[in-house]
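J.: Questions regarding the structure given below will be posed in turn.
The values are calculated or read from the model by the stated rules, or taken from the named source; none is laboratory data. As the structure is a computational prediction, the values presented were derived from the model and not from experiment. Reconstructed Cβ throughout: ideal geometry from the backbone, glycine too, with neighbour counts over all protein chains shown. Protein only, heavy atoms only, side chains kept; ligands, DNA and RNA dropped before computing areas. Shrake-Rupley method; radii C 1.70, N 1.55, O 1.52, S 1.80 Å.
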Amino acid sequence: MHELAIAESVVASVLERTADRHVAVVRLRVGRLAGVVPDALTFCFELATAGTALAGASLEIVEEHARAHCRSCAADFVLDDPILLCGCGSADVQLLSGRELSVTSVEVA
Amino acid sequence: MCSSCGCGHDGARVTTLGEPEGHPHDDHTHEGHTHEHVPADPGTRTHTLELEVAVLAKNDELAAANRDRLAGLEIVAVNLMSSPGSGKTTLLERTITDSTRPVTVIEGDQETLFDAERIRRAGARAVQVNTGAGCHLDATMVARALDSLDPEPGSLLFVENVGNLVCPALFDLGESRKVVVISVTEGDDKALKYPHMFAAADLVVVNKTDLLPYVDFDVDRFSADAATLNPAVRIVPVSAKTGAALDVWQQWLDAL
């Protein structure tokens, strides 16, 4: 259940930048290979915000596909699981993105 | 952090074996802080503040500081991860005996000092980090543990993470290498079931090979699955109990 630690990190990094201003919405970008379950993160976010200036804020998560490059056929392709296999059958694949876990923006009063 | 007992605001406790437990906390409190909640005014207009900050940036910065600190002391740090009961501590007991370098250990568990006591009996210095409800070690806990442990220059430092094949994969501790231990009794399908952990590993130790005649663990199938997640990963089957193939593990450590 590392989503609680992640939620606490989200809260800390937002509070660092918004101080005591009321925050209505927190937006996150989560890569499909980030190892984070959005539903679990949403559940933990409510716990982590309690008693802070973020209490009551809603969490909006945008999930992003992972992208990879095949060194055998030179194709760039999308993948949603961590199995590094190109459609051409090659496993000589370089992961380009998919592990992002970022706070993109917040709505402040 | 409280320098006497090692407790901090993350709820984890750092214990150095051999030091008395319990002391008065006159000069500081251990309660978490709270903020007054200012309710939202439904009539208030909000505006967007662009942030673009990595959620784990703070952990990653602390991990980078740990890495610099260890590199300055020429200490090789290995983050040892697995499910509970894979034999990490037994592997460490053997490694302490076989190692050509001095070994120190940071032990992570939710509760008890059992593992740090085993490491100390095996002849190495250890500190125990008890994470309480926490399911993984993070870079802050390791920094605090390093303050207590004070490993000697040129030594080999093991961080035995909390037994868990999920959460520890996400948190950089400042280690030189990540090693995952899996035992043959866990089943050969675990690489694909817990892909993040095996994707992050530099080396996978397949432990308890002395039990292979009694279980349906296909080392080749496991190795092929792990390679689909992590083509560069090295697989080393051993038995920490009998000592079989531990020389291969030791050679890998010596080359770090």
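J.: Just to be sure I understand, how many residues within segment B:107-131 are open to solvent by 30 Å² or more (accessible area, probe 1.4 Å) and assigned to a strand (DSSP E or B)?
T.: Selection size over segment B:107-131: 2.
J.: Counting just the residues of segment B:57-82 that are within 14 Å of another protein chain (Cβ to nearest Cβ) and touching an Asp or Glu at 6+ places or on another chain (Cβ under 7 Å), which one comes out modelled with the highest pLDDT?
T.: B:ALA63
J.: Also: Suppose the filter is among the hydrophobic types (A, V, I, L, M, F, W, C), over 30 Å from B:PHE158 (Cβ atoms) and at pLDDT 90 or above; does B:VAL53 pass it? Explain how you work it out, then say what you get.
T.: Values: among the hydrophobic types (A, V, I, L, M, F, W, C): yes; over 30 Å from B:PHE158 (Cβ atoms): yes; at pLDDT 90 or above: yes.
When the stated conditions are applied, B:VAL53 passes them.
J.: Continuing with this model, one more query. Can you tell me which of B:ALA126, B:ALA122 is of a type in the set (Gly, Ala, Ser), without any contact (Cβ under 8 Å) to a residue 40 or more places away in the chain and under 20 Å from B:ALA240 (Cβ atoms)? Steps first, please.
T.: Working: B:ALA126 fails: without any contact (Cβ under 8 Å) to a residue 40 or more places away in the chain.
B:ALA122 is the lone residue from the list that is of a type in the set (Gly, Ala, Ser), without any contact (Cβ under 8 Å) to a residue 40 or more places away in the chain and under 20 Å from B:ALA240 (Cβ atoms).
J.: Filter the strands (runs of 3 or more DSSP E) completely within segment A:50-109 down to those with at least 1 residues that are touching a residue at least 60 places away in the same chain (Cβ under 8 Å) and surrounded by 20 or more Cβ atoms within 10 Å (Cβ to Cβ).
T.: Strands (runs of 3 or more DSSP E) meeting the threshold: A:101-108.
J.: Related question: Could you check segment A:12-45 and list, in sequence order, the residues that are open to solvent by less than 20 Å² (accessible area, probe 1.4 Å), part of a helix (DSSP H, G or I) and within 10 Å of another protein chain (Cβ to nearest Cβ)?
T.: Within segment A:12-45, A:SER13, A:VAL14, A:THR18, A:LEU41 qualify.
J.: Checking B:THR104 against (1) under 16 Å from B:MET81 (Cα atoms); (2) in contact with a Phe, Trp or Tyr (Cβ under 8 Å, 6 or more places away or on another chain); (3) not in a helix (DSSP H, G or I): exactly one of these is not met. Which one?
T.: (1)
J.: Residue under question is A:SER90, and the condition is that it be out of contact with any Asp or Glu (no Cβ under 8 Å at 6 or more places or on another chain), under 19 Å from B:ASN230 (Cα atoms) and of a type in the set (Ser, Thr, Tyr); does it hold?
T.: Considered against the rule, which asks whether it is out of contact with any Asp or Glu (no Cβ under 8 Å at 6 or more places or on another chain), under 19 Å from B:ASN230 (Cα atoms) and of a type in the set (Ser, Thr, Tyr), A:SER90 comes out as yes.
J.: Mind checking which residues of segment B:225-250 are exposed (fewer than 15 other Cβ atoms within 10 Å of the Cβ), among the small types (Gly, Ala, Ser) and at pLDDT below 95?
T.: The answer is B:ALA232, and nothing else.
J.: May I pose another question? When B:ASP218 is evaluated against the numbered criteria (1) open to solvent by 50 Å² or more (accessible area, probe 1.4 Å); (2) more than 13 Å from chain A (Cβ to nearest Cβ); (3) of a type outside the set (Ser, Thr, Tyr); (4) under 18 Å from A:PRO82 (Cα atoms), which criterion, by number, is the only one it fails?
T.: It fails just one condition, (4).
J.: With the requirement that a residue be among the hydroxyl-bearing types (Ser, Thr, Tyr) and assigned to a helix (DSSP H, G or I), what does segment B:68-101 give you?
T.: Residues satisfying the conditions are B:THR89, B:THR90, B:THR95, B:THR97.
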